[in-house]
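Here is the structure we will look at, set down as structure tokens.
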Amino acid sequence: MANQHIPLAEQLSQNLPSKVKIVEVGPRDGLQNEALINGKAISAADKVALIEQLADAGVSYIESGSFVSPKWVPQMATSTEVFETIKRNNNVTYAALTPNMKGYEAAVAVNADEVAIFASASESFSQKNINCSIEESIERFSPIIADAKKRNIKVRGYVSCVVGCPYEGDIDPEQVALVAEKLLAMGCYEISLGDTIGVGTAASVTKMLQAVSARVPSAQLAVHFHDTYGQALTNIYAALQFGISVIDSAIAGLGGCPYAKGASGNVATEDVVFLLNGLGITTNIDFDKLLQAGWFISKKLGKPPISKVSTAYLAQQQ
Ligand code: HMG
Ligand code: MG
């Protein structure tokens, strides 16, 4: 019989964390892939309003933009304006994605609190996404990490295609582990494992996490699941059982990846918080305010939230 004095998370499994940090990637990963409306990107003012609403809801880490080529990703062209305009909350980390020194310098110029670099476990995806090999991408990150160290800016590392690649199919878990280990050794404080095209299942994600956690401690791992095949929540539950306590998600399930055809958005933050609340795992997020932030951005984009939880609550309001 369940012991009422032991938190539910502990009753279910010794390994489930008691607290989880949500890394909100909607303003970057989400919006980078939203279609232009009448040839226009979402305005910087709307991005700022979204970021401020997320911060007000208690989200403590927000990837707020990226400094990449505007020719490659037009929706991110206003990232400088966004960072310069946000009213910062001291409890929030405002991070930026940076592919090279040029992007990193732009992030430093607007006082991004942290930067994220991104490598791939798949050679073909690396070429399509950032126009260079895995090895070359890692070389490009070295000067970023060196300068960030001098300035006390933390660097987060992503590994993309950790289960499957749109060009190569299945990815060997050992290859993921090697890239993750390399990024950690270079100085990234945390490695976010990206199922870029959302093909992972509890079985393949578990195999991948077994390989990676043999080389990188779970305390330094995060998971970043796109929900293309509807498996993200199950995969998050599998990751929680490895003691992983950092989860990337996007408000309203925004997004996808411009270089991964058919990939849908990240798992919705509303769905992840609903799962965590059910497990008694603390996030310090105000759920009602989170829902409001999702409805705000969905209205601006003229489409419903890609979140079953958000849709269910919205229906109750009508
Ligand atoms: P390139 O063409 O190889 O770069 O692109 P280059 O160094 O040859 O420069 C070409 C032009 O780009 C030059 O301008 C540069 O100044 C400019 P021009 O002289 O032609 O006018 N340029 C830049 N402009 C702005 N910001 C910069 C920058 N760097 C060069 N930082 C590059 C290389 C990386 C720039 C390009 O491939 C690019 O921007 N790619 C976009 C990648 C991207 O944003 N992908 C989506 C994010 S990754 C992702 O979503 C996965 C993740 O979520 C995890 C997961 O889901 O698995 C993280
Ligand atoms: Mg992503």
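Assorted remarks:
- Helices (runs of 4 or more DSSP H) (entirely within region 41-121) containing at least 2 residues that are farther than 26 Å from LYS150 by Cβ: 44-56, 79-85
- Qualifying position, being within 16 Å of ligand 2 (Cβ to nearest atom), over 27 Å from LYS21 (Cα atoms) and touching a helix residue (DSSP H, G or I) at 6+ places or on another chain (Cβ under 6 Å), among SER66, SER126: SER126
- Residues that are assigned to a strand (DSSP E or B), away from ligand 2 (no atom under 14 Å from the Cβ) and within 15 Å of ALA119 (Cβ to Cβ), drawn from region 155-177: VAL155
- Condition check for THR93: under 15 Å from LYS154 (Cα atoms), more than 10 Å from ligand 1 (Cβ to nearest atom) and touching a residue at least 12 places away in the same chain (Cβ under 8 Å): yes
- GLU181 over 26 Å from LEU254 (Cα atoms) and either modelled with pLDDT of 95 or more or within 17 Å of the chain's Cα centre (by Cα) (or both): yes
- Candidate set from region 109-128 (those that are in contact (Cβ under 8 Å) with a residue 12 or more places away in the chain and open to solvent by 30 Å² or more (accessible area, probe 1.4 Å)); member that is nearest to the chain's Cα centre (by Cα): ASP113
- Where a residue in region 146-174 is open to solvent by less than 50 Å² (accessible area, probe 1.4 Å) and its partner, wherever it lies, is small (Gly, Ala, Ser) and away from ligand 1 (no atom under 14 Å from the Cβ), with Cβ under 6 Å and at least six apart: VAL155/ALA148; VAL163/SER204; PRO173/ALA211
- Pairs, first farther than 22 Å from GLN231 by Cα and aromatic (Phe, Trp, Tyr) in region 176-194, second modelled with pLDDT of 95 or more and within 16 Å of ligand 2 (Cβ to nearest atom), C-beta under 9 Å, six or more apart: TYR189/ARG156; TYR189/GLY157
Residue by residue, here is whether (1) surrounded by 14 or more Cβ atoms within 10 Å (Cβ to Cβ); (2) within 24 Å of LYS19 (Cβ to Cβ); (3) among the aliphatic types (A, V, I, L, M) holds:
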{"position": "PHE274", "(1), (2), (3)": "yes, yes, no"}
{"position": "THR283", "(1), (2), (3)": "yes, yes, no"}
{"position": "ASP288", "(1), (2), (3)": "no, yes, no"}
{"position": "LEU291", "(1), (2), (3)": "yes, yes, yes"}
{"position": "GLN317", "(1), (2), (3)": "no, no, no"}
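- Checked against (1) open to solvent by 30 Å² or more (accessible area, probe 1.4 Å); (2) over 28 Å from PHE287 (Cβ atoms); (3) away from ligand 1 (no atom under 11 Å from the Cβ), GLN53 passes all but condition (2).
- Of the residues making up region 137-144, one or more are within 19 Å of MET186 (Cα to Cα) and without any contact (Cβ under 8 Å) to a residue 12 or more places away in the chain.
The values are calculated or read from the model by the stated rules, or taken from the named source; none is laboratory data. Because the structure is a prediction, the values reported are computed rather than measured. With ideal geometry, Cβ positions are generated from the backbone for all residues, glycine too; neighbour counts draw on all protein chains shown. Calculation scope for accessible area: heavy atoms of the full protein, side chains included, ligands and nucleic acids excluded. Shrake-Rupley method; radii C 1.70, N 1.55, O 1.52, S 1.80 Å.
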